[in-house]
Amino acid sequence: MFKLMTEKSAGLRRPGSAALDLAYVAAGRLDGFFEKKLKPWDMAAGVLLVSEAGGIVTGFSGETDYFDTGDVIAASPKVFGQMLAVLTPFA
């Protein structure tokens, strides 16, 4: 998954905090974020920030089940479809 995203993007950053990464997506500092097996408290505030900023948040299957699965993709509308296409096989 990481290898494919590295090949398909201009670069990846991993600061280590899902909440911070999601806040950066909401602020426009990052184009997108993906992670598997997060706990709801790791993503709840960041998911709200991304959604309120006009971004898109789903699970790897494109559904809104990310709080149940812990698998989340969050991105600007510009790149969301491309990220989902690469990551859906890992759902």
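Sum -39500 (n - 2.57) across every DSSP H segment of at least 4 residues in the chain, then divide by the residue count to get the 222 nm mean residue ellipticity, nearest 500.
On the way: 5 runs with 45 residues, N = 91.
Theoretical 222 nm ellipticity from helices: -14000 deg cm²/dmol.
Can you tell me the dipole magnitude for the chain around its Cα centre, using point charges on the Cβ only (Lys, Arg +1; Asp, Glu -1), in Debye to the nearest 20?
My answer is approximately 360 debye.
Provide the gained length on full extension for the span Asp68 to Met1, in nm with one decimal, where the gain is 0.36 nm per separating residue minus the Cα-Cα distance.
Once the chain is fully extended between Asp68 and Met1, it gains 22.1 nm.
Here are some values of Rg/Rh (Cα atoms, Kirkwood Rh): (i) 0.91; (ii) 1.03; (iii) 0.95. Which one was computed from this structure?
Of the listed options (i) 0.91; (ii) 1.03; (iii) 0.95, (i) comes from this structure.
Filter the trypsin sites (Lys or Arg not before Pro) in the range 14-61 to those in DSSP coil with at most 12 other Cβ atoms within 10 Å of their Cβ, and list the result.
Here the sparse-neighbourhood loop sites are Arg29, Lys37.
Read-outs throughout are calculated quantities, based only on the coordinates presented, and are distinct from any laboratory measurement. Nothing here was measured: the structure is a model prediction, and the numbers come from that model. Cβ sites come from the backbone with ideal geometry, for glycine too, and all protein chains shown count toward neighbours.
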